[in-house]
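**Q** Dropping the structure in here first, questions after.
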Amino acid sequence: MPKMAGTLAKFEPQPVLEGPTLLLRPMQAADKNDLAAAASDPLIWAGHPATERWRPEVFGPYFEALLAHGESLVAIDRASAQIIGTSRFYTTDDDPGTPSIGYTFLARSHWGGGTNFEMKSLMFAHAFRWSNVIWLHIDPVNIRSQTATGRLGAVHTHDAMLDFGAGPGLRQCWKLTQAAWQAVRARRA
């Protein structure tokens, strides 16, 4: 499929993506309790700007906002059929023709074993069908996400004030090119 120049008009932000251990599918209202359970560990949010997101009264509005955007995917462990996290495709005003990936979290039971790499591999493969570049935006205090994003081959290019629906905030803008991602995949093969 040809790359879309300057537009995501045909980009599908809620595909069904399947990998060896993960299924990513569009988020549904019925996912709220299972996703809240996956997010209920305070250690997931340590080092994240939303340190209280593990609390149901904080997670609930976050879930509703993700659902309303219509671009979020839930991550399901194929072996257990349990929801273990989420991620999202979106675009920003500073580069509206290029896909961005973010809002990702995983249950700690799936940290360190390749789950994030598999999730991002599925999402990157989908996004690179439309663009040679993908953006990831990270809060400056979120060192864990910055480290993980760098390991994926993305480069911090600049900081920008971006509004993702809760008011503008400073975000680090990380750029991943298709060539850089292919190099990471080749090293891991």
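The values are calculated or read from the model by the stated rules, or taken from the named source; none is laboratory data. Computed from a predicted structure; not experimentally measured. In this analysis, Cβ positions are derived from the backbone assuming ideal geometry, glycine residues included, and neighbour counts consider all displayed protein chains. Areas reflect the complete protein model, heavy atoms only, side chains present, ligands, DNA and RNA absent. Shrake-Rupley method; radii C 1.70, N 1.55, O 1.52, S 1.80 Å.
**Q** What net charge is computed for the residues neighbouring Pro13, neighbours being all others with C-beta under 9 Å from the C-beta of Pro13, Lys and Arg scored +1, Asp and Glu -1? Spell out each step's value before the answer.
**A** Values: positive: Arg88; negative: Glu12, Glu71.
Cβ neighbours under 9 Å give a net charge of -1.
**Q** Right, here's the next one. Please compute the modelled spin-label separation between Glu18 and Val141, points set 7 Å along Cα→Cβ, answer in nm with one decimal.
**A** 4.1
**Q** Calculate what fraction, in whole %, of the accessible area of the chain sits on carbon and sulfur atoms when a 1.4 Å probe is rolled over the protein chains.
**A** Numbers: 5070 of 9330 Å².
Carbon and sulfur atoms account for 54 percent of the accessible area of the chain.
**Q** Hey, another quick one. Taking the alpha carbon gyration tensor of the range 19-62, what are the square roots of 5 times its eigenvalues, largest first, to the nearest whole Å? Please report the intermediate quantities before stating the final value.
**A** Working: eigenvalues 87, 41, 14 Å².
Equivalent-ellipsoid dimensions as semi-axes: 21, 14, 8 Å.
**Q** Ranked highest first by average number of other Cβ atoms within 10 Å, how do 168-174, 128-134 line up?
**A** On the way: 168-174: 17.1, 128-134: 18.9.
The most tightly packed comes first, giving 128-134, 168-174.
**Q** Pulled fully out, how much extra length does the chain show between Ser80 and Ala30, if you take 0.36 nm times their separation in residues and subtract their Cα-Cα distance?
**A** Numbers: separation 50, 0.36 × 50 = 18.00 nm, distance 1.79 nm.
Full extension of this stretch gives 16.2 nm more.
**Q** Between beta-carbons, use under 11 Å as the cut-off and find the net charge around Gln172, counting Lys and Arg +1, Asp and Glu -1.
**A** Numbers: positive: Arg171, Lys175; negative: Asp139, Asp159.
So the environment of Gln172 carries a net charge of 0.
**Q** Quick one: net charge of Arg185's neighbours, Cβ under 14 Å, K/R +1, D/E -1? Write down the numbers at each step before the final one.
**A** Values: positive: Lys120, Arg151, Arg187, Arg188; negative: Glu118.
Neighbourhood net charge equals +3.
**Q** About the Cα centre, and with charges only on the beta carbon of Lys, Arg (+1) and Asp, Glu (-1), how big is the dipole of the range 56-189? Nearest 20 debye, please.
**A** Values: 12 positive and 11 negative charges, 162 e Å.
My answer is approximately 780 debye.
**Q** Then there is this: Comparing Gly165, Gly70, Gly150, which has the greatest mean-square fluctuation in the GNM of the chain with Cα pairs linked when under 10 Å apart?
**A** Its mean-square fluctuation being the largest, the pick is Gly165.
**Q** While we're on this one: Multiply the residue separation of Glu57 and Ala189 by 0.36 nm, subtract the distance between their alpha-carbon atoms, and state the gained length in nm to one decimal. All intermediate terms of the calculation are to be shown ahead of the outcome.
**A** Working: separation 132, 0.36 × 132 = 47.52 nm, distance 4.23 nm.
My answer for the length gained is 43.3 nm.
**Q** Which sequence of Tyr103, Tyr90 reflects their accessible areas, 1.4 Å probe, from the largest down?
**A** Details: Tyr103 60, Tyr90 10 Å².
Result of the area sort, largest leading: Tyr103, Tyr90.
**Q** Averaged per residue, what accessible area in Å² does the range 63-189 show with a 1.4 Å probe, protein chains only?
**A** Numbers: 5820 Å² over 127 residues.
Ligands and nucleic acids excluded, the figure is 46 Å² per residue.
**Q** Running a GNM on the chain with Cα contacts under 10 Å, which residue among Ala79, Ala39, Ala125 ends up with the highest mean-square fluctuation?
**A** Largest GNM mean-square fluctuation: Ala79.
**Q** Which of the lysines could be linked to Lys10 by a straight reach, that is with a Cα gap under 21 Å, when you skip same-chain ones fewer than 8 residues away?
**A** Lys120
**Q** Quick one: give the max-minus-min coordinate of the C-alpha atoms of the chain along each principal axis, largest first, in Å.
**A** On the principal axes, the chain reaches 40, 38, 30 Å in Cα extent.
**Q** Ala68 to Leu170: FRET efficiency via 1/(1 + (r/R0)^6), r the Cβ-Cβ distance, R0 25 Å, to the nearest 0.05? Display every interim value, and only then the final one.
**A** Working: r = 24 Å, r/R0 = 0.96.
That pair, Ala68 with Leu170, gives E of 0.55.
**Q** For the range 63-161, state the average projected area of the convex hull of the C-alpha atoms over all orientations, rounded to one decimal in nm².
**A** Numbers: hull surface 28.3 nm².
Projected area, direction-averaged: 7.1 nm².
**Q** Can you give me the long-range amide H partners of Gly47? Hydrogens built in the peptide plane at 1.01 Å from N, cutoff under 5 Å, separation of 5 or more residues or another chain.
**A** none
**Q** Determine how many Å³ per residue the convex hull of the Cα atoms of the range 1-104 encloses. Provide the component values of the computation, followed by the final result.
**A** On the way: hull volume 12.8 nm³, N = 104.
Enclosed volume per residue, from the Cα hull, is 123 Å³.
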